[in-house]
Amino acid sequence: MTRAERHALCFLAGLAVLGAGVRAWRSAATARPVPAASERALASQLAAVDSAVLAEREARARQEERRAEKARVKEARERARELAATARVSVAPSAAPSAPMGPIDVDRASATELEALPRIGPTLAQRIVADRDALGAFGSLDGLQRVKGGGPALAARLAPLVTFSGTPRPVRAVQSPARGPPSSGVRARRRPAAP
C-alpha cells in the first residue's frame, strides 16, 4: 500500500468516526423525556388492554364451565335412562294391579299398605293415616268415612278387602276447642235480690 492510499484510508476512517459521533450527538439532543400526561395515558391504555384480555379469559372460562355442566347433565340423564331401562319390569297391558293377599287392617296399616287398595292413592292413604293418628281408630267402614275423600261408594268397594281391629273413640270424647271445658250439668241458682 502506498503512502497516498494510507492517507486516503485514514481520512475515510476519520470521516466515519466523525459521522457516528454527530449522529449520536443529534439523537441525544432530540431525545426528550416523556411527559407525565403521556405516561398516564399509556398506563390507562395498558390497563384497558389488560382488562379486555382478562374479560375474554373469564368469558372463555364461563363458556367451558357451561359446556362441562351440559355434559354432566347429559351423562346423568343417560345413566337415568339406562337404569330405568334395566329396572323396567315388563307388565302385560291387561294385567291389573295386584290386590292384597288378605284383608288389610285399616286401624293398623301403613300408608304404603293402604295404597294397595283400589281407589286409594298416596294422598288419600296419608289422610287416612293422619286422621287415625289424630282421632284414633276407625272401628268400622262408617268411621272410615270421616276421612275427606272416603265416602259411601269407597266404603262399599273396600268392604270385602278391609278389616278393623281398633275400637273407635266415643264421639263425645273428642271435644271441640270452641266449646270450652265441660260443665258439671248443675246450674247455679240466682239469689233473689234483697228488697
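No lab work stands behind these numbers, since they all come straight from the coordinates. All values reported here derive from a predicted model rather than from experimental measurement. Cβ coordinates were reconstructed from backbone atoms using ideal geometry, including for glycine residues, and neighbour counts include every protein chain displayed.
Across region 1-46, Cα-Cα pairs more than 14 Å apart make up 70 percent of the total. Using the average count of surrounding beta-carbon atoms within 10 Å as a protection proxy, the listed peptides 151-161, 7-17 rank, highest first, as 151-161, 7-17. Amide hydrogen proximity for residue 104: with H placed 1.01 Å from N in the peptide plane, the residues at 5 or more positions away or on another chain lying under 5 Å are 162, 163.
The convex hull of the Cα atoms of region 11-72, projected and averaged over all directions, covers 8.3 nm². Within the shell of other residues whose beta carbon sits under 12 angstrom from the beta carbon of residue 149, the net charge comes to +3, with Lys and Arg scored +1 and Asp and Glu -1. Taking a Cβ cut-off of under 12 Å around residue 66, the surrounding Lys, Arg, Asp and Glu residues balance to a net charge of +2, with basic ones at +1 and acidic ones at -1.
Averaging Cα coordinates gives a centre for region 99-158 and one for region 10-29; these two points are 113 Å apart.
Taking a Cβ cut-off of under 12 Å around residue 51, the surrounding Lys, Arg, Asp and Glu residues balance to a net charge of -2, with basic ones at +1 and acidic ones at -1.
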